[in-house]
Amino acid sequence: MTHTDDAVAPEQEHFDALIADDSRIEPRDWMPEAYRKTLTRQISQHAHSEIIGMQPEANWITRAPSLKRKSILMAKVQDEAGHGLYLYSSAETLGTPRPVLNDQLLTGRAKYSSIFNYPARTWADMGAIGWLVDGAAICNQVPLCRASYGPYGRAMVRICKEESFHQRQGWEILYELSHGTDAQKKMAQDAVDRFYGPALQMFGPPDADSPNSQQSMAWNIKRFSNDELRQRFVDMIVPQAEALGLTLPDPDLVWNEERQHYDYGELDWDEFMSVIKGRGPCSVQRMKRRREAHENGAWVREAAAAYAERQAARAAEAANHEDHETETAPSSQRPAAQLIGA
Ligand code: FAQ
């Protein structure tokens, strides 16, 4: 079917009406190619972030200070793997198979969150990651539960519930340390000092330098701009830092009575750009580890594929056998549907 230039195709009209109505787009609905592409990009990069994001914390599983801490951290890292899987599944419903998405990550064509290119140096970093990184993730992701694309929004509901637990466990680690010995308090403060700026950068570049935001907001994928969410996060963590007895490393952080928000200092956007281009402190190490893990997992994928193939062959054989039996059975034993030719 062709359409004149000024006529809106009926499928586009239907899509626009769903968006205007704040309804959901589902995988079988028609959608503009640019919408599909933007979602595939955002959801898959989010999935890659969850998978790469397992590394800084996984490094601390063997060094956790107690059995209880070890099992909590292990559960958290497993949750991140689960988030990656829901998100890859959600991205696949848009038509790009997972091996292709994975290849985009392994060949460096797809991004993952800047935050995971920073090292986790001490046990207190597990606290700072939980409190600040998961805290920023929640701030950013709660609005995504209402994303216009159904499978993404639904995946985010479950992810956000788990992220809330993650943030609480980070807070609790920092609380214990900040109320412990002088050395423990110093370790907690040092972790917060290192993670504060990078956590604020997780929300993406300032609005004026965010090429995707406007269109993503018009499509009800993003509900708030990068700066709006960053501000919400700063307003949330200032009183939390006070409750922890820790400070945030920003001399320009001050309550603005007029705006009813905290003002905060300029972030290092040159560093951010350098990190997202693959030049972060741990970028090379993170990608190397991911490629190794992928190679080491080849036998699992092969075994799973062989098993699925065998199951499918067995199912086909059983179906053939059943057809043969029903065809040769006396009519009194054949299923009713077959007798009436349905
Ligand atoms: N890092 O135009 P915008 C987590 C890229 S999960 C790297 O503003 P957009 C859980 C952006 O992709 C954390 N790249 O882009 C956890 C774009 O490049 P492209 C991940 C970034 O998409 C906790 C370019 O810059 N969360 O933490 C970043 O409208 C603990 C221009 O930017 C999500 O992915 C960045 N920080 O907004 C796991 C949430 N920011 O693709 C383990 C879903 C921007 O055109 C342990 N995603 N870029 O080449 C989003 O909400 C959005 O995609 C934004 C970026 C807000 C991240």
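None of the figures in this text is laboratory data; all of them are computed from the coordinates on show. Computed from a predicted structure; not experimentally measured. So basically every Cβ, Gly included, is an ideal-geometry build from the backbone, and we count neighbours across all protein chains shown.
Being more than 9 Å from the ligand (Cβ to nearest atom) and part of a helix (DSSP H, G or I) is the filter here, so list the residues in region 139-149 that pass it.
Across region 139-149, the qualifying residues are CYS139, CYS145, ARG146.
With the requirement that a residue be within 9 Å of the ligand (Cβ to nearest atom) and out of contact with any His (no Cβ under 7 Å at 6 or more places or on another chain), what does region 110-137 give you?
Matches in region 110-137: LYS111, SER113, SER114, ILE115, PHE116, ASN117, ILE129, VAL133, ALA136, ALA137.
So which residues in region 270-320 are surrounded by 13 or more Cβ atoms within 10 Å (Cβ to Cβ), part of a helix (DSSP H, G or I) and either of a type in the set (A, V, I, L, M, F, W, C) or within 14 Å of the ligand (Cβ to nearest atom) (or both), if there are any at all?
Result: GLU271, PHE272, MET273, SER274, VAL275, ILE276, GLY278, SER283, ARG286, MET287, ARG290.
Can you tell me how many residues within region 187-221 are of a type outside the set (Val, Ile, Thr), in a helix (DSSP H, G or I) and either under 17 Å from LEU132 (Cα atoms) or touching a strand residue (DSSP E or B) at 6+ places or on another chain (Cβ under 8 Å) (or both)?
Here the count works out to 14.
Within region 249-269, is even one residue hydroxyl-bearing (Ser, Thr, Tyr), over 19 Å from the mean Cα position of the chain (by Cα) and surrounded by 15 or more Cβ atoms within 10 Å (Cβ to Cβ)?
Yes: region 249-269 contains one or more residues that are hydroxyl-bearing (Ser, Thr, Tyr), over 19 Å from the mean Cα position of the chain (by Cα) and surrounded by 15 or more Cβ atoms within 10 Å (Cβ to Cβ).
Within region 9-30, can you find the residues that are without any contact (Cβ under 8 Å) to a residue 60 or more places away in the chain and part of a loop (DSSP other than H, G, I, E, B)?
Let us first name the residues in region 9-30 that are without any contact (Cβ under 8 Å) to a residue 60 or more places away in the chain, namely 9-17, 20-21, 28-30.
ALA9, ASP21, ARG28, ASP29, TRP30, listed by residue number.
Cβ contacts < 8 Å: first residue in contact (Cβ under 8 Å) with a residue 40 or more places away in the chain and polar (S, T, N, Q), restricted to region 154-171; second residue within 11 Å of the ligand (Cβ to nearest atom) and part of a helix (DSSP H, G or I), any location; separation 6+ or different chain. Result?
From residues that are in contact (Cβ under 8 Å) with a residue 40 or more places away in the chain and polar (S, T, N, Q), the pairs are GLN169/LYS76; GLN169/GLY130.
Please go through region 91-116 and pick out each residue that is out of contact with any Phe, Trp or Tyr (no Cβ under 9 Å at 6 or more places or on another chain) and either more than 20 Å from ARG290 (Cβ to Cβ) or surrounded by 24 or more Cβ atoms within 10 Å (Cβ to Cβ) (or both).
Within region 91-116, GLY95, PHE116 meet the criteria.
Filter region 89-109 down to the residues that are assigned to a helix (DSSP H, G or I) and more than 14 Å from the ligand (Cβ to nearest atom), then identify the one that is nearest to PRO281 (Cα to Cα). Reasoning before the result, please.
Of region 89-109, the ones assigned to a helix (DSSP H, G or I) are 89-92, 98-106.
Okay, now just the ones that are also more than 14 Å from the ligand (Cβ to nearest atom), so 89, 92, 98-100, 102-103, 106.
On the way: SER89: 30, GLU92: 31, ARG98: 28, PRO99: 27, VAL100: 27, ASN102: 23, ASP103: 23, LEU106: 18 Å.
Checked region 89-109; the qualifying residue nearest to PRO281 (Cα to Cα) is LEU106.
Do we have ALA75 as in a helix (DSSP H, G or I) and in contact (Cβ under 8 Å) with a residue 12 or more places away in the chain here?
Considered against the rule, which asks whether it is in a helix (DSSP H, G or I) and in contact (Cβ under 8 Å) with a residue 12 or more places away in the chain, ALA75 comes out as no.
Of the conditions (1) touching a Cys at 6+ places or on another chain (Cβ under 9 Å); (2) surrounded by 24 or more Cβ atoms within 10 Å (Cβ to Cβ); (3) closer than 27 Å to GLU295 by Cα, HIS83 clears all except one; give me its number.
(1)
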